[in-house]
Every structure is written in C-alpha cells, then in structure tokens.
1. Can you name the residue in the stretch B:83-93 that is more than 7 Å from every other protein chain (Cβ to nearest Cβ) and hydrophobic (A, V, I, L, M, F, W, C) and, of all such residues, is least open to solvent (accessible area, probe 1.4 Å)?
2. Give the stretch A:1-14 a look and list any residue that's within 15 Å of the chain's Cα centre (by Cα), open to solvent by less than 20 Å² (accessible area, probe 1.4 Å) and within 7 Å of chain B (Cβ to nearest Cβ), or say none.
3. Only one of B:Arg192, B:Arg206 is touching a Leu at 6+ places or on another chain (Cβ under 9 Å) and either assigned to a loop (DSSP other than H, G, I, E, B) or surrounded by 10 or more Cβ atoms within 10 Å (Cβ to Cβ) (or both). Can you tell me which?
4. For A:Arg24, indicate whether it is of a type in the set (Lys, Arg) and in contact with a helix residue (DSSP H, G or I) (Cβ under 6 Å, 6 or more places away or on another chain).
5. Restricting to the stretch B:34-48, name every residue that is more than 8 Å from chain A (Cβ to nearest Cβ) and either under 14 Å from A:Arg24 (Cα atoms) or of a type in the set (A, V, I, L, M, F, W, C) (or both).
6. Out of the stretch B:143-177, which residues are within 9 Å of chain A (Cβ to nearest Cβ) and touching a residue at least 60 places away in the same chain (Cβ under 8 Å)?
7. Which of the residues spanning the stretch A:15-37 are at the interface with another protein chain (Cβ under 7 Å from one of its Cβ atoms) and open to solvent by 20 Å² or more (accessible area, probe 1.4 Å)?
8. So how many residues does the stretch A:38-54 have that are open to solvent by less than 10 Å² (accessible area, probe 1.4 Å) and charged (D, E, K, R)?
Amino acid sequence: MNLTNYLVLATILFSIGATTVLLRRNAIIAFMGVELMLNATNLVLVTYARMHGDLSGQVMAFFVMVVAAAEVVVGLAIIVQIFRTRRSASVDDINLLKS
Amino acid sequence: MTASPTTLGALQGVAAAFTDAGQTSTGEAVLFWVLAPLMVLGALGLLLARRAIYGAMGIVFVMISLAVLYIAQEAPFLGVVQVVVYTGAIMMLFLFVLMLVGVDASDSLTETLRGQRWVGVIFGVGLAAVLIAAVTRVTYPAPTGLAVPNADSNPVGVARIIFGDFIFAFEVVGVLLITAAVGALVLTHRQRLTRRIGQKERSDSRVARLGQGEHLAPLPAPGVFARTNAMDVPALDPYGEPIGRSVSRVLRVRGQEREFEEFAAGLDDEEGGGTVGVPLPPAGAPGETTGPTTTITTGRGSEVQP
C-alpha cells in the first residue's frame, strides 16, 4: 500500500470538516468541524514524519494537539457564555452588528 | 503522560509488526482499508446528523481510529496522546457543554443566506478534489521509515526533539495553556447583580400572591378523577372539566400531555362505561336536601342515586 493513501484520507477528512464549518449553524457542531480539520492535519504530519524518517513531524502534531486543547477550552467557554446571555447556540442568532 | 514502559514497548512492537522500513505491510493495508471508510462515515455523521450528540459520537470514533492509525504509523506516543487528550479530554468537554447547552438544541434548517448550502457543498467537493489532486500528483522520495529515530523507543526520540530544538516553543505552549485556563475562568465567571432568591423569598412571594390565583396547597394529582391513574391524563374537576395543572409541567412542556377529548372518546365504548366528561347539572341551593339525580351505569347495571 502506498503511503499516499493516508494523505488522501486526511484530505477527505479535512474537506468534510471544512464543509461542516460552512454548513452547520449550531456553534458546537461547527467547532467540532474545526477539531476534525486539526486531526486531519495531524494525520498528514505523522505520515510525512514516517515518509522522511524525521520525528519533527510527530513533534509538530503534538504541538497541534496542545494548542487545540487550549483553543477548545476558550472556544467552549465563549459558546457557554453566549448561550447564557442569548439562550441560543446558533451562529445565526449572533448578528448584533447587523445595521 | 504516565504510560508504563512496558505498555509503550508493546505498542512499539505492534508498530514494528506493521511497518518494515517505511514500507507498509499487508496487515497495515487491511487495517487502513477497514478503518478509512468507517472514519469517513463517522466524519459524514458530523456533517449530516441532525442532533449534535450523534455528530460528537462520530467524531469520537474518528479520533480513536486516528490513534490506531498513528500507532500503525510508528507513532505510539502520539497514539496514546490522541486517546488521552483528544478523545478523553477534548471530546468529553464537548459532551459536557452539549449537555449544558441542551441536547435538544438541534439545528434550524431554514437558510438565512440563500444558496449557502449548495455553495458550501460545492466548496467542500472542490477543496477535496484540489487537495487530492495535489497530494497524489506530487512525487515523494522513497519512504525511509522511522527505524533509526525510533531506535531508543518513540517517546525518547520525540522527547529529544521537544526538549532540544523545540524547547522554547514548549515553554510558550505552557504559557498558552495557563492563559487558556485563566481565560476560560474569566469568560464563564458570572457576577451576581441582583439579590439571591432563596427558599424564604420564594415562599414569601407565594404567600403575598395568595389572592391572585396562587395556590399554596399541592397541585392536584393527575388522572385520579378521570378513571385512570396515568401521569399524562389530566384530572377532572367536579364539573367534568380537565384540570391542566394536574399534569406534570415537564410533560406539558414536552407536549406529551394527552388531550382529554382523546381519552374520553374511548370511554363510552367500554362495556359498562359511564359518561365521563359531560358537565354535571349544577348542585342545588345550599340547604337543599334532594339534589339532582344522576344516572350512574356500572357493571351491575343501572342505579339511580339521589
């Protein structure tokens, strides 16, 4: 099996994640789409590390995971706070700046 | 990360069994072709599921499968971290917030931007096509595999790079995590602007509203005077009218309260059933000894009660 198959799988997962962010209105689902995209890039990094025989790719994937953890904490806190004040988790309802 | 050396060693053995100097073995190909379609299905579940919980479960499956693929790709350390951090911490945090926000918070399906759905789908398919074309057309060097960097086990090799080349980035990431934790605390902190309303205040306000439709006594039990003890059937008052308050508020909010008409429709068909739901004639004046007579039909036949 060619290692490119892993890259194609990661590409498909990334595209599904991006489409989720574009299409779904629920803020939590859109956020999970972002997580899916981060995971797909991690798979690419791990595959490249194996292709080139260099562990730096795995270290970068590790850093992506740490930054994703920090990002999730802040993002979910924002979603909870918006839900408390607006009683809604839909990204469509947040149009305060609309004329 | 506290994985015992034996566990990591075992994972390393699994990884070594799957790979041979960067060339994939048949076992790894089978693993990939079994997992990859299921992973795509799980990801599509996130995109298409109406309820957020189902999408979250699909993503959990994708993440665990990714951990398996990492271990197969000579990255046992990342595989363990993927399970612990991503599926164990991040997705469980997502589930907590889903429960907090409300499981029923499903998507609205009305389009606010016209044609957004089709534009999004076209964008997704186009992105996949472009990326797949780019990824498959590039010529890569022959895969070298990680046998040499992983000579002292994979975590040792990763640690040498993290605490060597990337030590500054590692410390900056520590600051980032602290900032994120403090930020989450600040964002979710709520300052109390009004007085706290406790049990005493609630009780006082109920007593104060006593004359205006407020009842101090417990609410009537459901269904007792309607010939059934079902929770979802309202009780009847002496005039045969259903009492809405007798059905639990939760059932009423969910819309699971049975309409009294629907319930009463079956009553007349029963053998020996009485006529429930017809308002009784008004009672006589106070002091009147002979009240109105009502025919009650029971299983034993017809009786006339004064």
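1. Taking the stretch B:83-93 first, the residues more than 7 Å from every other protein chain (Cβ to nearest Cβ) are B:83-84, B:87-88, B:91-92.
Filter again for hydrophobic (A, V, I, L, M, F, W, C), leaving B:83-84, B:91-92.
Values: B:Val83: 66, B:Val84: 77, B:Met91: 0, B:Met92: 74 Å².
Only one residue fits best here, namely B:Met91.
2. Quick first cut of the stretch A:1-14, residues within 15 Å of the chain's Cα centre (by Cα) only: A:10-14.
Next, only the ones that are open to solvent by less than 20 Å² (accessible area, probe 1.4 Å) stay: A:10-11, A:13.
A:Thr11, A:Leu13, listed by residue number.
3. Details: B:Arg192 fails: touching a Leu at 6+ places or on another chain (Cβ under 9 Å).
Every option except B:Arg206 fails the conditions.
4. Values: of a type in the set (Lys, Arg): yes; in contact with a helix residue (DSSP H, G or I) (Cβ under 6 Å, 6 or more places away or on another chain): yes.
Yes; evaluated as a whole, the condition is true for this residue.
5. So the first thing to find is which residues in the stretch B:34-48 are more than 8 Å from chain A (Cβ to nearest Cβ), and the list is B:34-35, B:37-38, B:41-42, B:45, B:48.
If the condition is that a residue be more than 8 Å from chain A (Cβ to nearest Cβ) and either under 14 Å from A:Arg24 (Cα atoms) or of a type in the set (A, V, I, L, M, F, W, C) (or both), then B:Val34, B:Leu35, B:Leu38, B:Leu41, B:Gly45, B:Leu48 are the ones that fit.
6. B:Pro143, B:Thr144, B:Gly145, B:Leu146, B:Ala147, B:Asn150, B:Asn154, B:Val158
7. A:Leu22, A:Leu23, A:Arg24
8. Pass one, the stretch A:38-54, residues open to solvent by less than 10 Å² (accessible area, probe 1.4 Å): A:39-40, A:42-43, A:46-47, A:49-51.
Among the residues that remain, those that are also charged (D, E, K, R) are: A:50.
Final tally of qualifying residues: 1.
The values are calculated or read from the model by the stated rules, or taken from the named source; none is laboratory data. Just so it is clear, the structure is predicted and the values come from calculations on it, not from any experiment. All Cβ positions, even for glycine, are placed from backbone atoms using ideal geometry, and neighbour counts span all protein chains on display. For the accessible areas, the whole protein counts, side chains as well, though only heavy atoms, and no ligand, DNA or RNA atoms are used. Shrake-Rupley method; radii C 1.70, N 1.55, O 1.52, S 1.80 Å.
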